[in-house]
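Structure first, commentary second.
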Amino acid sequence: MRIEFIIPEGVRFEDLQSTIQKNNRILTEPSRMADRTYYDSFDWRLYLNNSLLEGTRDGSENLLVWRPLKGKGRDLRLRTGRMPRFARDLPAGQFRDLLEPVLEMRELASRVRIRSRTHTLRVLNRDEKTVAYLVVEENTLPRQQGKRPGKLDDRAIIIPVKGYPKPCNELVKFLQASGLTPAQHDLMLAALATIGEIPGSYSSKLNLKLDPAMRADRATKVILHRLLEVMLQNEDGTRTGTDSEFLHDFRVAIRRTRSALTQIKEVFPKQTTERYKTEFAWMGTITSPSRDLDVYLLNFDKYRDSLPAAVQADIEPLREFLIRHQKIELRALVKALNSARYRRLIKNWRDFLEQPVNERSTLKNSWRPVTEVACERIWRIYRRVIREGNAINAESPADDLHELRKTCKKLRYLMEFFQSLYPATRIRELIRKLKTLQENLGDFQDYEVQVTTLKTFSHQMVAEGEVSPDTLLAMGMLIDGLERRQHQARKTFTGRFADFSLSKNQGHFRKLFASSGEPQV
Amino acid sequence: MKVIATYNIKGGVGKTATAVNLAWLAAREGAPTLIWDLDPQGAASYYFRVKPRIKGGGKRLIEGKRDLDDFIRGTDFEWLDLLPADFSYRNMDLYLEQAKKPVRQLHKLLKPFKHEYYYVFLDCPPSISLVSENIFDAASSVLVPTIPTTLSLRTYKQIRKFFRQNRLDPSKLLPFFSMVDRRKQLHCSIVDDSPTDMQNLLETSIPYDSNVERMGSHRAPLGEFAPNSRSARCYEALWEEVKQHLSHWE
């Protein structure tokens, strides 16, 4: 594990070098200039994974180092020709195997760049073997993100060699005696702070802290304002279509907004609610085709692998079809986002949310404490979930399960909006239980939608010409597989719902959300 | 973790040079790599300037009384570590015999490093013994450097026979021609018209090159002091081929 020290002003590399040389056998490597770029996803997945990814251009290659920010753990290194945009662009191997689950579908973006002059001293033993490294870095921040170039700490880094602890300990003692102080944070964090970037600052989660006594209309505005913030944070990425997660988070914020407008009743005038419900429904519609295609492309490898090896290649034309159509749909989406209607919606919506609430509102729920409204709404929707679920039997049509899925989603959103009003562990546990049920219902619905869409795609591909019978056959096999899985999801439902509706769990919901006068399940 | 052994019953065929140069190439790509010098002569340890000594000797190591990790040394190259040789390895067969499941011992010792190293190279002593059986068991591939002479080809046949007799998977064996001297007619004819019974014969052959001998005076892999030499280029090609084989068998 590397040990970093900050070099105070006035201490020069040459001074350190000449002192070390007096007592040690040293090999000095030629000084080098290095431009290092630190990468992370838009939502800081690497940082939140306690790691950083450093890329250094070395001739025609990129040297990637992925290392822990704190604590022990080995660095991983990879030489690669082009800087990968996604984990899937990396060559097969350990680096990719470990990075893929962290980064998933997210694109790597440059977060900060550092320019360093590095001097490396190798401490040698009697066999001329390197037993420790001392790297001295003179660091600067080049111009970036409209920020002027600046200075960063100069650092001395001891890199131990496995099996040779002694020389490393001696170097530590020497640096401390020379007035150097151990660095508390990695240089990347210092660089990010200097350019005003806060790592881990983005989250699509609501992370609100509501006051239980707050008026319900005011609290609803707080929730909706946070959702607008998430939408706007993802707007640029949605336009460029760099990675599918921007559009995903953008759409989730829209869906939550619509749900809040519908579910938190009688807090805003009906006319206002209806107007924005229509507008956000329109936003749902314009973003839908792009997302559908994204889902197919994200799952494409999984689809292909589910087919017998002999026909896997036959499905490839579908991928080309999806990519082609994704571009067309993205253009249409960008056009809609550039429209006057969208701009007007965002402006008016923001104005509305930032306006103070009408203190003299006569609407039933507007002036009530948010906690009362929250309990009432959650309890009512929860009871609906139980009612609808209990009514489902082996003969029930698929539509009944879809209806239940929608009700569960409403419940989930309400619980997340008002999460901060309840004891954290208890509500988290109930959300977890609901999530397990939702996963099953979601699978059931997703398989059905995928089957329908695949059928539509196959018709579209025929209409566009140049689709081989082999491809259509492979798509048919895919549809068969999806139908089988949907059937399986249906079979699992009974058990999942029985778990969710256990009387013990009903008791937990009742305790948290039902007031004494409320009707029981 | 992929375990690659360099093995031959014969000595002086380029086992250590192969293990050292391939391990160096693997580490240069950024893959955490370990080379285990199992030969009591300790040539690989010498090349990497590491003292060929294991505290307590091979006996203690096999008994597992101390963590194997304590014996591992970092080399001068990033991502390349070495488990040094010890002269007591000459008695390794004795220690192995005393253990439970004597053929699985190496496999057992390497298991904890599953997530630590991506590649483990085993530089094996020239013999056919219990140590070799352990190596065949632990390795995913066994590289067999073979000098293109009649006797060497005969030795290779013996190794294959041993595999068959002991119900080992012969597809693990990856022979390649080593120390090929193009001035010798016999070498040329064997390399150009390789015997049909050498299954999995790798296409790359390593030429006879004085640079390989100079590894001893430089105490470093070829890529460090003669990166443009013909043999260094050939080891690069060999490594590419070995990697393809490894991914094929995954």
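When only the heavy atoms of the protein chains count and the probe is 1.4 Å, how do A:T407, A:T371 rank by accessible area, highest first?
Details: A:T407 0, A:T371 40 Å².
Result, largest first: A:T371, A:T407.
The long axis of helix A:270-306 is offset from the longest Cα principal axis of chain A by roughly 60 degrees. Please compute the Kirkwood hydrodynamic radius over segment A:1-71, one decimal place, Å, based on all pairs of different Cα atoms. Evaluated over segment A:1-71, this radius sits at 15.4 Å.
Its residues counted as N, segment A:316-469 yields a C-alpha radius of gyration over 2.2 N^0.38 Å of 1.48.
Whole Å is fine, so just give me how far the alpha carbon centre of segment B:188-250 lies from that of segment A:213-233. Computed from Cα coordinates, the inter-centre distance equals 66 Å. Solvent-accessible surface (1.4 Å probe) assigned to A:M33 amounts to roughly 110 Å².
Ignoring ligands, DNA and RNA, what percent of the accessible area of segment B:2-248 is carbon or sulfur (1.4 Å)?
Working: 5180 of 10780 Å².
So the carbon and sulfur contribution to the accessible surface is 48 percent.
When chain B is treated as a GNM with alpha-carbon contacts under 10 Å, the residue of B:L153, B:L143, B:L38 showing the greatest mean-square fluctuation is B:L153. Helix A:216-240 axis versus longest C-alpha principal axis of chain A: approximately 60°, rounded to the nearest ten.
Chain A against chain B buries an accessible area of about 1800 Å², both chains summed, 1.4 Å probe radius. Among B:G30, B:L222, B:I128, flag the residue with its Cα farthest along the positive direction of the charge dipole of chain B, charges on Cβ as +1 for Lys/Arg and -1 for Asp/Glu. With unit charges placed on the Cβ atoms, the residue in question is B:I128. Considering every pair of different Cα atoms, what Kirkwood radius, in Å, is found for the protein assembly as shown? Hydrodynamic radius (Kirkwood, Cα pairs) of the protein assembly as shown is 31.4 Å.
Working with all protein chains in place, sort A:E376, A:E138, B:E78 by solvent-accessible area computed with a 1.4 Å probe, largest first.
Working: A:E376 50, A:E138 70, B:E78 105 Å².
Accessible-area ranking of A:E376, A:E138, B:E78, largest first: B:E78, A:E138, A:E376.
Ordered by solvent-accessible area of protein heavy atoms (1.4 Å probe), largest first, the residues A:K173, A:K162 come out as A:K173, A:K162. Binning all Cα-Cα separations of segment A:348-438 at 10 Å, short to long from zero, yields these whole-percent fractions: 14, 36, 29, 18, 4, 0. Judged by the mean number of other Cβ atoms found within 10 Å, the most tightly packed of the peptides B:236-246, A:437-447 leads the ranking A:437-447, B:236-246.
Report note on the peptides B:175-182, A:274-281: ranked by the mean count of other C-beta atoms within 10 Å, highest first, their order is B:175-182, A:274-281.
In the context of the full protein assembly, A:R45 retains an accessible surface of approximately 40 Å², using a probe radius of 1.4 Å and ignoring ligands and nucleic acids. A 1.4 Å probe run over the protein chains yields, for chain B, 45 Å² of accessible area per residue, whole-number rounding. Using a 1.4 Å probe on the protein heavy atoms, what percent of the accessible area of chain A belongs to carbon and sulfur? The nonpolar share, carbon plus sulfur, comes to 50 percent.
Hey, any idea what the orientation-averaged projected area of the convex hull of segment A:240-298's Cα atoms comes to, in nm²? Spell out each step's value before the answer.
Values: hull surface 17.3 nm².
So the Cα hull casts an average projection of 4.3 nm².
The distance separating the Cα centre of segment B:76-131 from that of segment B:1-64 comes to 9 Å.
Need one value for B:73-80: mean number of C-beta atoms belonging to other chains within 10 Å of its residues' C-beta atoms. Working shown, then result.
On the way: counts 6, 10, 5, 9, 1, 6, 4, 0.
Partner Cβ neighbours, averaged per residue: 5.
Here each label is just a point 7 Å from Cα along the line to Cβ, and for A:D89 and B:K51 those points are 4.8 nm apart. DSSP beta bridges confined to segment B:16-136 are antiparallel in about 20 percent of cases. For segment B:94-126, a drop of 30 Å² or more in accessible area on going from the chain alone to the assembled protein chains (1.4 Å probe) is found at B:E116, B:Y118.
Output the antiparallel fraction of DSSP beta bridges having both residues in the protein assembly as shown, as a percent to the nearest 5.
Antiparallel: roughly 70 percent of the beta bridges in the protein assembly as shown.
Over chain A, with the other protein chains present, what is the accessible area per residue in square angstrom, probe 1.4 angstrom?
On the way: 26180 Å² over 521 residues.
Roughly 50 Å² per residue, with all protein chains present.
Think of segment A:312-371 as having a plus end and a minus end, set by charges on the Cβ of Lys, Arg, Asp and Glu; of A:V370, A:F321, A:A336, A:V370 sits farthest toward the positive end of this dipole.
Across peptide A:153-162, the average count of Cβ atoms from other chains found within 10 Å of a residue's Cβ is 2.
So if I place +1 on the C-beta of Lys and Arg and -1 on the C-beta of Asp and Glu, and nothing else carries charge, what would the dipole magnitude of segment A:297-338 be about its Cα centre? I want it in debye, nearest 20. Don't skip to the answer; put the middle values down first.
Details: 7 positive and 6 negative charges, 61 e Å.
Charge dipole of segment A:297-338: 300 debye, to the nearest 20.
When +1 charges are put on Lys and Arg Cβ atoms and -1 charges on Asp and Glu Cβ atoms, the dipole computed for chain A relative to its Cα centre reaches about 1560 debye.
Rounded to the nearest 10 degrees, the angle from helix A:503-513 to the longest Cα principal axis of chain A is 80 degrees.
Of all DSSP-defined beta bridges confined to chain B, some 10% are antiparallel rather than parallel. A probe of 1.4 angstrom, applied to the heavy atoms of all protein chains, finds A:T194 with accessible area near 80 square angstrom. Springs between Cα atoms under 10 Å define the GNM used for chain B, and in it the highest mean-square fluctuation of B:D137, B:D192, B:D81 occurs at B:D192. Pairwise Cα separations in segment A:253-369 fall into 10 Å bins from 0 onward with the following percentages, short to long: 11, 30, 22, 17, 12, 6, 1, 0.
Evaluated at q = 0.12, 0.13, 0.16 Å⁻¹, the base-10 log of the normalised Debye intensity for chain B, with identical point scatterers placed on the Cα atoms, takes the values -0.65, -0.77, -1.20.
The values are calculated or read from the model by the stated rules, or taken from the named source; none is laboratory data. Keep in mind it's a predicted model, so treat the numbers as computed, not measured. Using ideal geometry, Cβ is built from the backbone for each residue, glycine included, and neighbour counts are taken over all protein chains shown. SASA here: full protein model, heavy atoms, side chains in, ligands and nucleic acids out. Shrake-Rupley method; radii C 1.70, N 1.55, O 1.52, S 1.80 Å.
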